[in-house]
Amino acid sequence: MKPDLFEAPDYYNLDDLLTEEHKMIRDAARSWVKRDVSPIIEQAAQDAKFPKSIIPGLASIGAFGPYIPEEYGGAGLDQISYGLIMQEIERGDSGVRSTASVQSSLVMYPIWKYGTEEQKKKFLPKLATGEFMGSFGLTEPDHGSNPGGMVTRFKDAGDHVILNGAKLWISNSPFCDVAVVWAKDENDRIHGVLVERGMEGFSTPETHNKWSLRASATGELIFQDVKVPKSNILPGRSGLGAPLSCLDSARFGIAWGAIGAAMDCYDTALRYSKERIQFGKPIAGFQLQQKKLAEMITEITKAQLLAWRLGVLREEGRATSAQISMAKRNNVEIAINIAREARQILGGMGITGEYSIMRHSMNLESVITYEGTHDIHLLITGLDITGENAFS
């Protein structure tokens, strides 16, 4: 087992923009990743198993609902703290960050924002500690980039509703205790419904044979005449804007998280380039390798500035969905490009599990697709700057 020698790049002294609390929170997450994630993650990815043993650790560093108020079990932190935690977790592995993102932004966030006081008290404290794990059901087999076309529905049945349909590509679904499911009522209005493990007709089969996010559990949510109490419907907001607001929070976390993956690939490639001798000198001394490394650190620095500014705007309540979309798309794109270039610097060693690069590269193929594909985010920016809708 190789020691985790990661050193975070900070080419523009961006630590100066962080408070002491920010740095303390980040460093605690970084230390935890080095101690509890790095030693096991390669084997977990090889085995295609989510390491459930790390759930208490994720809770201990505030990865579950860091911005949720303390009265509901959260840490009451700001948005930059949330971003930094996601950055450090994804430096370890995108799949582990996915688990934390779903729990925080796609499960705890909508319950906190749109749930009743009873729902908040019932679910949020247990989600914050990891006693409960959650999943988010929006994507369907035939409706991904067009979630408004969903066919999952519920109908009124007195003091409860009857839910039918299916959701696909759902992180955490195989072991979730509660799923925030988005479904249409009899008037075609979208609502959030809390479906709990054990409800008759609710099943969560796991998706196998993945080449990406192998250390993350992915599956389906299937509803066959599931009887859900009306008290489990989120009353605070309905319509497509409700789940999209959750995606804003998740995409914000991804914009930070992708930087972590990029930093890990860069740091690995830089260290390797100084140690690998060819033609009598370290390959770091060759122009083409320096070009790769110089471009990497430039893109990482730009992504760090983009994420930091977005964090400030989001904390002030001024970040738009389009701004969040831009950061998600840009930062994931630079991360996946850095992973590919870093792999080349390592040559054949870059494809082995002895180094993290190929695992990051495979994971980022999912990250560039979920929470809005690369192309969809380009269209979101295009709509924002032109006022013309090119989605259909």
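Name the residues in the range 45-76 that are assigned to a helix (DSSP H, G or I) and either under 12 Å from GLY92 (Cα atoms) or not small (Gly, Ala, Ser) (or both), would you?
Of everything in the range 45-76, those that are assigned to a helix (DSSP H, G or I) and either under 12 Å from GLY92 (Cα atoms) or not small (Gly, Ala, Ser) (or both) turn out to be ALA45, GLN46, ASP47, LYS52, ILE54, ILE55, PRO56, LEU58, GLU70, GLU71, TYR72.
Mind checking which residues of the range 356-372 are open to solvent by less than 40 Å² (accessible area, probe 1.4 Å) and not aliphatic (A, V, I, L, M)?
SER356, ARG359, HIS360, SER361, ASN363, SER366, GLU371, GLY372
If you take the residues in the range 117-158 that are aliphatic (A, V, I, L, M) and open to solvent by less than 80 Å² (accessible area, probe 1.4 Å), which one is nearest to ALA217 (Cα to Cα)?
MET133
Only residues that are closer than 20 Å to GLN103 by Cβ and open to solvent by 30 Å² or more (accessible area, probe 1.4 Å): list them for the range 211-233, please.
ARG214, GLU220
Which pairs do you get when a residue that is on the phi > 0 side of the Ramachandran plot, found in the range 213-229, comes within reach of a residue that is open to solvent by less than 50 Å² (accessible area, probe 1.4 Å) and assigned to a strand (DSSP E or B), reach meaning Cβ atoms under 6 angstrom, with the pair 6+ apart or on two chains?
From residues that are on the phi > 0 side of the Ramachandran plot, the pairs are ASP225/ILE162.
From the list GLY137, GLY148, pick out the single residue that is at pLDDT below 95 and over 30 Å from ASP10 (Cβ atoms).
From the options GLY137, GLY148, the qualifying one is GLY148.
Has the range 106-116 got at least one residue that is surrounded by 17 or more Cβ atoms within 10 Å (Cβ to Cβ), closer than 16 Å to VAL228 by Cα and in contact with a Gly (Cβ under 7 Å, 6 or more places away or on another chain)?
The answer is yes, given that some residue of the range 106-116 is surrounded by 17 or more Cβ atoms within 10 Å (Cβ to Cβ), closer than 16 Å to VAL228 by Cα and in contact with a Gly (Cβ under 7 Å, 6 or more places away or on another chain).
Name the one entry in LEU270, LEU234, LEU221, LEU288 that is at pLDDT 95 or above and either under 29 Å from ASP375 (Cβ atoms) or within 16 Å of the chain's Cα centre (by Cα) (or both).
LEU221
Does the range 77-100 hold any residues that are buried (at least 24 other Cβ atoms within 10 Å of the Cβ) and assigned to a loop (DSSP other than H, G, I, E, B), and which are they?
The answer is ASP93, and nothing else.
Are any residues in the range 331-353 more than 21 Å from THR298 (Cα to Cα) and in contact with a helix residue (DSSP H, G or I) (Cβ under 8 Å, 6 or more places away or on another chain), and if so, which ones?
MET349, GLY350, ILE351, THR352, GLY353
May I ask you to say which residue of ARG318, ARG309, ARG329 is assigned to a helix (DSSP H, G or I), among the basic types (Lys, Arg) and open to solvent by 60 Å² or more (accessible area, probe 1.4 Å)? Don't jump to the end; show me each part of the working.
Details: ARG318 fails: assigned to a helix (DSSP H, G or I); ARG329 fails: open to solvent by 60 Å² or more (accessible area, probe 1.4 Å).
After ruling out the rest, the residue left standing is ARG309.
Inside the range 179-198, can you point out the residues that are closer than 26 Å to GLY148 by Cα and open to solvent by 20 Å² or more (accessible area, probe 1.4 Å)? Explain how you work it out, then say what you get.
Here is the first cut: in the range 179-198, the residues closer than 26 Å to GLY148 by Cα are 179-197.
Once the filter is applied, which keeps residues that are closer than 26 Å to GLY148 by Cα and open to solvent by 20 Å² or more (accessible area, probe 1.4 Å), the range 179-198 yields LYS184, ASP185, GLU186, ASN187, ASP188, ARG189, HIS191, GLU196, ARG197.
Considering only residues that are of a type in the set (Asp, Glu) and outside any helix (DSSP H, G or I), look in the range 1-44 and name the one that is farthest from VAL96 (Cα to Cα).
That would be ASP10.
The values are calculated or read from the model by the stated rules, or taken from the named source; none is laboratory data. What you see is a predicted model; the values in this text were computed from it and never measured. A quick note on method: Cβ atoms are made from the backbone with ideal geometry, for glycine too, and the neighbour counts reach across all protein chains shown. The accessibility values were calculated without ligands, DNA or RNA, using every heavy atom of the protein model including side chains. Shrake-Rupley method; radii C 1.70, N 1.55, O 1.52, S 1.80 Å.
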